[in-house]
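See structure below.
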Amino acid sequence: MAGHLPDGKSRNLRALAERIRSRRTTNLFLKQEVSKDLVLEAIELARWAPNHHLTEPWHFYLLGDKMKAASVELIRAIVTENKTAELGEHKAKSAAAVPGWLLVTCTRSDDELREREDYASCCCAVQNILLYLSEAGVASKWTTGLITRDQRFFELLGIDESEEYVVSLIWYGYPKILPTQSRKDVSEIVTETD
């Protein structure tokens, strides 16, 4: 309809609003695998995130079974070194129960402003992935745990840390349960100016 302005009451807008509100960080997943094609579709949509100067600074590492197993052992080691062996065992067991692992990195830049803008674009790309997966019934967790800052993880994946850095490790799968949350009222976070 030409000239029609959305009023927030159309079916499509209500559905989109519900998807955004219902996407939740999930820690407990079913043992059911998620289709690789679905994840690749989500990555395809991630590329359409707002991106200043079209630098397309993102890269996506879809971890296979061997890499996930090696990463779980690395989590065990890192947490044991930094906390306790008991916590290391718990974190490793939790990580091993996650069906899907997707690492998102951002290209480094010598230009501080560009690097900040590129990071923001990568965050938007991650949100695109999370929303698309959520619409497909797949839950996720955006994590930046100790493993994402450990040199051994970069070495494991063959990532040159001087060229790119981690924005997000996305854990995903079909949820056992979806947590609920609330947010502050809009009136508490908006300042209107003249």
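The values are calculated or read from the model by the stated rules, or taken from the named source; none is laboratory data. None of these values were measured; they are calculated from a predicted model. Glycine also receives a Cβ, built like all others from the backbone with ideal geometry; neighbour counts cover every protein chain displayed.
Computed values, structure above
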| quantity | calculated |
| --- | --- |
| Lone qualifier among Gly158, Gly145 - being in contact with a strand residue (DSSP E or B) (Cβ under 8 Å, 6 or more places away or on another chain) and over 21 Å from Arg47 (Cβ atoms) | Gly145 |
| Given (1) more than 20 Å from Leu16 (Cα to Cα); (2) within 15 Å of the chain's Cα centre (by Cα); (3) at pLDDT below 95, number of the condition Gly100 does not satisfy | (3) |
| Residues of the stretch 173-194 that turn out to be out of contact with any Phe, Trp or Tyr (no Cβ under 8 Å at 6 or more places or on another chain) and in contact (Cβ under 8 Å) with a residue 24 or more places away in the chain, as a count | 5 |
| Answer from Lys184, Lys176 - the residue that is basic (Lys, Arg) and under 22 Å from Leu38 (Cα atoms) | Lys176 |
| Condition check for Glu41: touching a residue at least 60 places away in the same chain (Cβ under 8 Å) and acidic (Asp, Glu) | yes |
| Members of the stretch 98-117 found to be of a type in the set (Val, Ile, Thr) and either touching a Pro at 6+ places or on another chain (Cβ under 6 Å) or closer than 18 Å to Leu45 by Cα (or both), listed by number | Val104, Thr105, Thr107 |
| Subset of the stretch 24-43 that is assigned to a loop (DSSP other than H, G, I, E, B) and among the hydroxyl-bearing types (Ser, Thr, Tyr) - its residue that is modelled with the highest pLDDT | Ser35 |
| Some residue of the stretch 44-53 being in contact with a Pro (Cβ under 8 Å, 6 or more places away or on another chain), touching a residue at least 40 places away in the same chain (Cβ under 8 Å), more than 20 Å from Thr143 (Cβ to Cβ) and not in a helix (DSSP H, G or I) | yes |
